Structure formats: structure tokens, C-alpha cells
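K.L.:
Here it is: the structure, laid out below.
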Amino acid sequence: MKPNFFITVFLCITLVSSFEDDDEASLKLLQSYNIDFNSVIKDEYSRIMVEDRVDEVSVKIGILATYFRVLKKLVAWGMEENGFEHLYPTPEYDFDMNIGEECKKGFEICLDSIISNISEIQPWIMQDNIELDELSLTKMIDNQRLGMEISASQILCYLTNSRIKAFEHIPYCAYRIQPVGSRPFIWAGKTFSRETILDEFLGNPYECATESFCPDPCCSRIPSVVRTSPKYAPLCKMNQCEKKSTCLMKHFENDDLSKLRLNQFNINCGCDKPGTIYRPDIGRCVHHNPCTKQSLCRDFGQECVNTATGYKCVCQLGYFKNESNSCAPLKLSPAPYHGFALSESMEDL
């Protein structure tokens, strides 16, 4: 009995240690994306622009964007069988280390690796003349490798929020699931040509990529009557703004890959009063001191003063505003009268 007991304990300890090592390796890889990674990707994309291969890369991103718009809407996960349009599945799927390591090697390697992995199980994304209707796509899509797909979506969302220029305007943005009864799109696939489908570059900068790769915890793209339905209420619980329509996610506050995976989003609500800012930790708009930003009032001799409605740049003590509206130092000259103390000597006192 005792030998078996010790063997069992040893195996349990080994397994726990292995899980901890895996988690530690995943966290280390996720955090490494935030260290000098953006500059590497931007440098690579600059070379792509010089080599005049921007269209080629845009097609790859556009193909992936279309796929993830479909996947997020149709794929079922968990007991509720909802898509992950608004939140990533919880508890979170293990991060796909293979995809993560490949994407760290470079931008194009990342795109090619994701496309290669997806096309193995969903070959339609690299085919031509496929009808994009919900019935056929539901049959095509399964959750066999959902962990890989979610990991890929999170990396692409991270790159979008990091404002990598390649994601600013991408093709195929009009391709999405159509209402029942409407004529389905014919998926152009890899034969996309920028010259023939110029109208596919839709929306504001990064809007299409954000919709395609990132969750929408504000539920801003669904009608309010749907947002309050029993199905959507749990998914939209992060939108606690007094005015639901003011909920927004600022990209530069949501560019941490490890936080994105855990649905730890920084959500802001609009504030009606000038000079106020939304504090997500207390869920209220509070008076904002813009002078905490070091970029304000940086001219020579200036300082920032907080006001009720914003801020003003004023001259520091010892400076005055001259005719050119700049702060110049005051020039002090000697007084003509020196006073009694300087006219008498110590012996006379």
C-alpha cells in the first residue's frame, strides 16, 4: 500500500508542478508582448510599405477579420451557447503557445501562421465563390480548436488596440452574416483585388478591425431592446454607464494582452459636464485636473493652472507675458535710493 501511496503523491505533485510551469510560461509570453513588441511590428510594417506589399498584407488581415466576425457570432461555447461578440469565454481557454511563439517572430509570420491553422479546419476561408449564409457557416464552424482561434483573436485585438497601421483600413468589411431572407454575399476569398472592391474599405480608422477581432463589452452595436433581454443582460453587465450609449473602450487603455484574455477591460462613460472625467473604479464622473498631463503648458516660463472647466497656461512667478504672447523673465534694476541703512556707518550708531 505504501509504495503505491507515495507513487500517487509523487505523480500528483509532478502534475501540479507541470500545470504551474505551463501557466508561468503562458504569463511570461503574454507579458513579453508588451515589452518593445510594438516597435518591432511597426518597423516590419514600414519595410512592407517600402517594398510595396501593403495590399498583400491587407488581404490576409481582411480574410482573418471576416472569419472572426463570423466565428464570434456563430460559434457556441459553454452552457449558454452564446457567441463571444461581447466577452471572451470564461473560464478562459488555455493560451495557444504555438500561435503565441509564432507571432513573436514577426508580423507576417503571425498572420501566415494563424491563416494556416484556421484553413486546416476551415478551408473555405482560402477558397473562392463561397456563399456566406448563416446556415452553411454554422455547419462549417465547430469548436474543435476554439482555444487556438480565441488566442489568435486576442493577439489580433491586441495589435489593433496598439494601433499597428496595417489594421487602420482593411478589406472585406462589408462581409458579415446577413438577415434571414436576404441574399447572401459571395465570398471572394483569396482573389480579392483592391482595384475592383474599393468600397470594401468601410468605416472609421481601425473600426472594422476592432469589430472583427475585439469583444464589445459595452454592447454598443446591438439595439437597446436586445441589450436588456435575458440572453444579453449577463453579457452586457460591464456596461454600467448611466447612459448606456456613452459606454466606450479607449484603445490605449486596453492594449495589455494578458488583461484582454481575462476580460479585464477599461471601460469609460461619457460625462456631460466640462472639466469632468469618468472614474471606472467608482463608476462616477469626477472633477478632472488636466494639469497632471506633462504635455500641457510646456513653453518656456509657463505653468498649468486647473480651472472649473479645464485649464489655463499662465506665466510662472517671475515671468510676464510679452507682446509676442510668450512668457519672458522679469528684469530687476537697482533702486535709485539706497535708504538710511546704507548711508550710515556702524561707528555712527
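K.L.:
Restricting the stretch 139-164 to residues that are modelled with pLDDT under 65, open to solvent by 40 Å² or more (accessible area, probe 1.4 Å) and within 24 Å of Asp94 (Cα to Cα), which is nearest to the chain's Cα centre (by Cα)?
P.N.:
Restricting to residues being modelled with pLDDT under 65, open to solvent by 40 Å² or more (accessible area, probe 1.4 Å) and within 24 Å of Asp94 (Cα to Cα), the top hit is Asn143.
K.L.:
Hey, Cys247 hits all of (1) within 19 Å of the chain's Cα centre (by Cα); (2) modelled with pLDDT under 75 but one; which does it fall short on?
P.N.:
Unmet condition: (2).
K.L.:
A further question on this structure: Show me the strands (runs of 3 or more DSSP E) entirely contained within the stretch 262-349 in which 3 or more residues are at pLDDT 75 or above and either open to solvent by 60 Å² or more (accessible area, probe 1.4 Å) or touching a helix residue (DSSP H, G or I) at 6+ places or on another chain (Cβ under 9 Å) (or both).
P.N.:
302-306, 319-321
K.L.:
Quick one: how many residues across the stretch 204-228 are modelled with pLDDT under 80 and part of a loop (DSSP other than H, G, I, E, B)? Steps first, please.
P.N.:
Pass one, the stretch 204-228, residues modelled with pLDDT under 80: 221-228.
Still in the running and part of a loop (DSSP other than H, G, I, E, B): 221-223, 228.
Adding up the residues that qualify gives 4.
K.L.:
Hey, can you tell me all the residues within the stretch 70-112 that are assigned to a helix (DSSP H, G or I), open to solvent by 20 Å² or more (accessible area, probe 1.4 Å) and modelled with pLDDT of 80 or more?
P.N.:
Met97, Asn98, Glu101, Glu102, Lys104, Lys105, Glu108, Ile109, Asp112
The values are calculated or read from the model by the stated rules, or taken from the named source; none is laboratory data. Just so it is clear, the model here is predicted, and its values are computed rather than measured. FYI the Cβ positions are ideal-geometry reconstructions off the backbone, even for glycines, and counts take in every protein chain you see. Remember, those area values only see protein heavy atoms, side chains included, never the ligands or the DNA or RNA. Shrake-Rupley method; radii C 1.70, N 1.55, O 1.52, S 1.80 Å.
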